[in-house]
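The values are calculated or read from the model by the stated rules, or taken from the named source; none is laboratory data. Because the structure is a prediction, the values reported are computed rather than measured. Virtual Cβ from ideal backbone geometry, glycine too; neighbours counted across all protein chains shown.
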Amino acid sequence: MLVGVYFLVGGMIGLIIQPSMEQFIESVRDGTLDFTLTKPEDAQLIVSIRRVDIWRLIDILLGLGVLIAALIWMGEKVGIWQAGSFILMLIAGAVIIYSFLLILATLSFWFVRVENILVIFQSIYEAGRWPVSLYPGWLRYGLTFVIPVAFATTIPAEALTARLTWGTLLGAVGLAVGLFAISRLFWRVGLRHYSGTSA
């Protein structure tokens with residue numbers, strides 16, 4: 001089930017979030033972010049959904065297929081609470097990863113080349129293929145709170161298998177809201193440091 005969630009979330013990240021962040025970093029470096037900032041819509045929203053890698057839909061479908069196969073093989077009956085908490089944890093995990101990647105990409109306002117940060121994140125995301133409890137304490141802490149991979153993979157899988165506690169659920173939602181607010185604030189601070197081609 002965890003592998004299914006891993007492919008599902010990885011597909012969601014690769015479909016819109018990561019390609020858009022890569023293009024955003026490039027537009028900061030070459031000054032074309034100016035065109036985005038002149039539009040009447042919210043610039044953060046535009047840079048967050050500007051590019052779509054349609055082929056990553058295959059990962060999403062693969063993830064759904066693996067999840068369904070795992071549920072059938074385990075004979076799990078998914079109740080309303082399990083389905084609802086799973087969807088909520090998927091949304092919270094996606095918001096956490098989006099906010100984390102936005103913070104990393106916003107560093108491009110200060111540093112010239114930060115594309116490799118997204119590549120490093122993708123490599124670390126590979127660790128989400130296995131349960132976080134499998135790792136030693138320091139790495140488990142790092143994959144949960146420093147680079148929040150656990151919230152994207154392990155916790156939604158726990159929700160689907162009825163192993164999720166109320167504390168973890170509320171903590172994940174709280175972290176998603178808090179990290180989104182921090183990333184929004186960091187984005188605004190970064191915009192103040194952007195000079196662009198017109199400066």
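Do you know which residues across the range 17-58 are among the aliphatic types (A, V, I, L, M) and under 22 Å from Leu185 (Cβ atoms)? Answer for the range 17-58, where residues must be among the aliphatic types (A, V, I, L, M) and under 22 Å from Leu185 (Cβ atoms): Ile17, Met21, Ile25, Val28, Leu33, Leu37, Ala43, Leu45, Ile46, Val47, Ile49.
Take the conditions (1) surrounded by fewer than 18 Cβ atoms within 10 Å (Cβ to Cβ); (2) closer than 25 Å to Ala43 by Cβ; (3) polar (S, T, N, Q); Thr161 misses just one of them, which is (2). Contact map, the range 19-39: first residue more than 23 Å from Phe121 (Cα to Cα), second residue basic (Lys, Arg), Cβ cut-off under 9 Å, separation 6 or more or different chains; pairs are Thr36/Arg50.
Taking helices (runs of 4 or more DSSP H) as the structural unit, those lying wholly within the range 69-169 and holding at least 3 residues that are free of Cβ contacts under 8 Å to residues at least 60 places away in the same chain correspond to 80-106, 115-125, 137-141.
Go through Ile60, Ile25, Ile96, Ile13 for me and flag whichever is farther than 30 Å from Ala162 by Cα, at pLDDT 85 or above, buried (at least 16 other Cβ atoms within 10 Å of the Cβ) and within 18 Å of the chain's Cα centre (by Cα). Break it down stepwise before answering.
Values: Ile60 fails: farther than 30 Å from Ala162 by Cα; Ile96 fails: farther than 30 Å from Ala162 by Cα; Ile13 fails: farther than 30 Å from Ala162 by Cα.
Just one listed residue meets the conditions, Ile25.
Evaluate the following for Ile124: is it at pLDDT below 90, within 24 Å of Gln23 (Cα to Cα) and surrounded by fewer than 21 Cβ atoms within 10 Å (Cβ to Cβ)? Break it down into steps so the answer makes sense when it comes.
Working: at pLDDT below 90: yes; within 24 Å of Gln23 (Cα to Cα): yes; surrounded by fewer than 21 Cβ atoms within 10 Å (Cβ to Cβ): yes.
The answer is yes for Ile124.
For the range 127-138, the criterion of being of a type in the set (A, V, I, L, M), within 25 Å of Arg50 (Cβ to Cβ) and surrounded by fewer than 21 Cβ atoms within 10 Å (Cβ to Cβ) is met by no residue.
Matching residues to (1) of a type in the set (Ser, Thr, Tyr); (2) at pLDDT 90 or above; (3) on the phi < 0 side of the Ramachandran plot:
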site: Thr32; (1), (2), (3): yes, no, yes
site: Thr36; (1), (2), (3): yes, no, yes
site: Asp53; (1), (2), (3): no, yes, yes
site: Met74; (1), (2), (3): no, no, yes
site: Trp81; (1), (2), (3): no, no, yes
site: Leu101; (1), (2), (3): no, yes, yes
